[in-house]
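Enquirer: Got a structure here, written out as structure tokens. Questions coming.
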Amino acid sequence: MSNTLIESPVPTVDLDFYDPDFVNDPYPALEAVRAAGPIVRHAKLGHYLITSYRDCARAMGQGRLFTSDHKQIGTLFGGPPFTALEGKRHADVRGIWARDFRRKNIDEISGMIAGIVAETTRDAIDRMRDGEVVDIVPAVTRPIPTLVIATLMGIPTENFAEFIRWTDNMTGIMEGRDDPTPRGRRLVEVGIESTELMNAFVATIIEERRREPGQTDLVSKMVESDVPMTEAELISWNTQLIFAGNETTSKLMGSCLAVLAQHPEQRAQLREDRTLIAQAIEEVHRYNSVKMWNMRFVRDEDVELAGHVVPAGASVMALQGLGNRDPERWENPDVFDIHRPVQAHLGFGIGSHVCLGNNLARFEIETVLNRFLDEVPDWELSEVDYGLNAMIRGPVKMDVFAGR
């Protein structure tokens, strides 16, 4: 360990992650946490909170020193989580699907994605052109990612409404984790019920693939893989793919539409130069992060973080949303700027556990943005509601109209 360890106590903070005002705009409260120090302790929850890009990246990326929230994530997906794996085992399992999510392979299914986007957005765009105010969360941002991942997994798309309901409920397991109120307990109960329903459905799809082998969908590839896995792992990993493939992508898609509506001058630049869309998506993800924190646990030995010793077994909240606004990494980090020099952010994770579907998410969002820029380029917000989930944060209601 470093010889420059700080012997003074770690400062404490009392932050209410369930306050609707916090969820709507968490950054003022988070900046107050940063001002208290690069590492602080939550007075009630006991977690260590880290605030810098550098320390968040270290905690999230160094599996040798830190482990994920296996118990809670296992509850979320109903079995051993894919994110619990490290080293060769992780690489082998990730490799089953890795090729399908490369950008080259995403390009090959671009027509399918474009078709889903065109069909799904048609009604909302027509209504907006007719002067209506449309909630584009149920109309656009929720169904599109669900239809795409269901298609790639060979799952009948008529089940997408159930997927949306189940995955929305499943987020309550993480949201209610540290909420001791009756609301928090109910969120966890409903989430577990929905996980069980999702697992049961996935198990039927797996059995269908065993009866009819040789298909090319993502479920078949895992079912027919030579990588050893238990039945519980097979089910939970496919459940995890469904969840990640629609819940987080939906919220980032909504955030992109919301933030660009709030910055019409930069949106106009995207309309004129579509090559800027890719970096605009990255800037939204940095500026208005979907995953606001990542729970990590110190493994078997004490570690140094921000000059302090954090004991083995301690829980660490890597505040990646705050790390994405670290002034030591970005100039004027609280300013949205699509022309900002490109630097890696923490939105899709880091290291070996970087989001497997990040290329798919980017392409879906790029396709939706192109569609809106073509058809309703001056869309405006009437209302945007970020709900009550600060951990996986994004619009749950977003009323939009066509603008001038």
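Enquirer: What pairs come out if I take residues in the range 381-392 that are under 10 Å from Lys251 (Cβ atoms) and of a type in the set (Gly, Ala, Ser) and pair them with residues that are open to solvent by 10 Å² or more (accessible area, probe 1.4 Å) and not in a strand (DSSP E or B) whose C-beta lies under 6 Å away, six or more apart or interchain?
Expert: Short answer, once both residue conditions are applied: Gly387/Val396.
Enquirer: Right, next: Within the set of pairs 6+ apart or on separate chains, which have a first residue in the range 169-192 that is over 17 Å from Val23 (Cα atoms), a second that is in a loop (DSSP other than H, G, I, E, B), and C-beta atoms under 6 Å apart?
Expert: Val188/Gly176
Enquirer: Next question. So which residues in the range 93-129 are assigned to a helix (DSSP H, G or I) and open to solvent by 60 Å² or more (accessible area, probe 1.4 Å), if there are any at all?
Expert: Arg99, Arg103, Lys104, Asp107, Glu108, Glu119, Arg122, Asp123, Asp126, Arg127, Arg129, listed by residue number.
Enquirer: Has the range 360-380 got at least one residue that is closer than 20 Å to Leu65 by Cα and either buried (at least 17 other Cβ atoms within 10 Å of the Cβ) or modelled with pLDDT of 95 or more (or both)? Let's see the steps before the verdict.
Expert: Of all residues in the range 360-380, those closer than 20 Å to Leu65 by Cα come to none.
For the range 360-380, residues closer than 20 Å to Leu65 by Cα and either buried (at least 17 other Cβ atoms within 10 Å of the Cβ) or modelled with pLDDT of 95 or more (or both): absent.
Enquirer: Restricting attention to the range 213-224, report how many residues are farther than 16 Å from Leu147 by Cα and open to solvent by less than 30 Å² (accessible area, probe 1.4 Å).
Expert: Residues of the range 213-224 farther than 16 Å from Leu147 by Cα: 213-216, 220-224.
Now restrict to residues that are open to solvent by less than 30 Å² (accessible area, probe 1.4 Å): 220, 222.
So the count comes out to 2.
Enquirer: Among the residues that make up the range 315-324, is at least one of them at pLDDT 95 or above, in a loop (DSSP other than H, G, I, E, B) and either small (Gly, Ala, Ser) or touching a strand residue (DSSP E or B) at 6+ places or on another chain (Cβ under 7 Å) (or both)?
Expert: yes
Enquirer: Across the range 252-266, what is the number of residues that are part of a helix (DSSP H, G or I), in contact (Cβ under 8 Å) with a residue 12 or more places away in the chain and open to solvent by 10 Å² or more (accessible area, probe 1.4 Å)? Break it down into steps so the answer makes sense when it comes.
Expert: Here is the first cut: in the range 252-266, the residues part of a helix (DSSP H, G or I) are 252-262, 264-266.
Then drop every residue that is not in contact (Cβ under 8 Å) with a residue 12 or more places away in the chain, which leaves 252-262, 264, 266.
Imposing the further condition that a residue be open to solvent by 10 Å² or more (accessible area, probe 1.4 Å) reduces the set to 261-262, 264, 266.
Count: 4.
Enquirer: Separate question: What residue, of Arg371, Arg393, Arg362, is among the basic types (Lys, Arg) and over 17 Å from Ala280 (Cβ atoms)?
Expert: On the way: Arg371 fails: over 17 Å from Ala280 (Cβ atoms); Arg362 fails: over 17 Å from Ala280 (Cβ atoms).
It is Arg393.
Enquirer: Looking for whichever is farther than 30 Å from Ile277 by Cβ and in a helix (DSSP H, G or I) here; the options are Ala161, Ala203, Ala244, Ala150. Which one fits? Give the derivation first.
Expert: Working: Ala161 fails: farther than 30 Å from Ile277 by Cβ; Ala244 fails: farther than 30 Å from Ile277 by Cβ; Ala150 fails: farther than 30 Å from Ile277 by Cβ.
None of the other options fit; the residue is Ala203.
The values are calculated or read from the model by the stated rules, or taken from the named source; none is laboratory data. Everything quoted here is computed from the prediction, not taken from an experiment. When we count neighbours, we look across all protein chains shown, and the Cβ atoms used for this are built from the backbone with ideal geometry, even at glycine. Surface areas here come from the heavy atoms of the whole protein model, side chains and all, with no ligands, DNA or RNA. Shrake-Rupley method; radii C 1.70, N 1.55, O 1.52, S 1.80 Å.
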